[in-house]
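What follows is a set of notes on a single structure, which appears directly below.
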């Protein structure tokens, strides 16, 4: 549920929209990625604009228990929105990214990723029960809900092995980072022209340049003040966590692959 401050801010933005010319086709941007990767920061940056209607996971208009509502309801939310540009942050539905993009007209997506070491350190502060969440993927009838949706057989076998070995919560969180970000390639989002890969560390290190690029990609006007609240104090703030060597290896390999994909995209924009 939205806080009173968030509710009033949305009302204020809606009032201001009365003076904005409406477009026939609305732009929709979806934010995907793993938890603790800067998705809130990115959504907040979009929310700084009075021209964008942003739906965070707490907004019951579009979300139910952090999950995006039925696609028919989301389409209704889009139609009824006061804005020409709408942003949703359905990271618990990242496994359904391709389906959502195919079903929402004029939509694009930002997939943001962050170094797994910092993600694990951050997650352990707020969600320390990593092993139980990992275990739920193979021990519950619904595979832990969104955590096990659309999981590949290879990744399911990996989870079963880690649970059998009773790995630490830190290792479980690293494995979860791998599961969520591997979806980017499993869903072939790296081949989609309407999906932009974004690196958290680049965003916080150079927010003006990076956010300008993100807003341009999302086809919404940009102003420098949207980036003023962003800082880079959380990069490598604490020592890397001690985790299982095999999990560390696959996380390092995936991180390197994503960095390489980002570099190739930047150097060869025609591929997008």
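The values are calculated or read from the model by the stated rules, or taken from the named source; none is laboratory data. Remember, it's a predicted structure, so these values are computed and weren't measured experimentally. FYI the Cβ positions are ideal-geometry reconstructions off the backbone, even for glycines, and counts take in every protein chain you see.
The table that follows gives values for the structure above.
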| read-out | value |
| --- | --- |
| Residue match in segment 36-50 (condition: under 20 Å from residue 103 (Cα atoms), modelled with pLDDT of 95 or more and in contact with a helix residue (DSSP H, G or I) (Cβ under 8 Å, 6 or more places away or on another chain)) | no |
| Some residue of segment 185-199 being over 20 Å from residue 259 (Cβ atoms), more than 17 Å from the chain's Cα centre (by Cα) and free of Cβ contacts under 8 Å to residues at least 40 places away in the same chain | no |
| In segment 76-93, residue farthest from residue 9 (Cα to Cα) [restricted to those that are part of a loop (DSSP other than H, G, I, E, B) and over 18 Å from the mean Cα position of the chain (by Cα)] | 84 |
| Tally, over segment 11-41, of residues that are within 21 Å of residue 110 (Cβ to Cβ) and surrounded by 11 or more Cβ atoms within 10 Å (Cβ to Cβ) | 18 |
| Test: residue in segment 76-89 that is modelled with pLDDT of 95 or more, surrounded by fewer than 21 Cβ atoms within 10 Å (Cβ to Cβ), touching a helix residue (DSSP H, G or I) at 6+ places or on another chain (Cβ under 8 Å) and not assigned by TED's automatic domain parsing to the domain that holds residue 159 | no |
| Candidates 246, 213 - the one that is over 20 Å from residue 176 (Cβ atoms) and part of a helix (DSSP H, G or I) | 213 |
| Residue match in segment 227-239 (condition: part of a helix (DSSP H, G or I) and modelled with pLDDT of 90 or more) | yes |
| Residue that is modelled with the lowest pLDDT [pool: residues in segment 15-35 that are within 19 Å of residue 51 (Cα to Cα) and in contact with a helix residue (DSSP H, G or I) (Cβ under 9 Å, 6 or more places away or on another chain)] | 26 |
| Number of the condition not met by residue 202 [criteria: (1) in the same structural domain as residue 28 (by TED's automatic domain parsing); (2) on the phi > 0 side of the Ramachandran plot] | (2) |
| Among (1) under 18 Å from residue 87 (Cα atoms); (2) surrounded by 18 or more Cβ atoms within 10 Å (Cβ to Cβ), the one test that residue 199 misses | (1) |
| Members of segment 58-75 that are surrounded by 20 or more Cβ atoms within 10 Å (Cβ to Cβ) and part of a loop (DSSP other than H, G, I, E, B) | 62 |
| Verdict on residue 44 being in a helix (DSSP H, G or I) and surrounded by fewer than 21 Cβ atoms within 10 Å (Cβ to Cβ) | yes |
| Flag for residue 148 being assigned by TED's automatic domain parsing to the domain that holds residue 131, farther than 26 Å from residue 53 by Cβ and modelled with pLDDT under 95 | no |
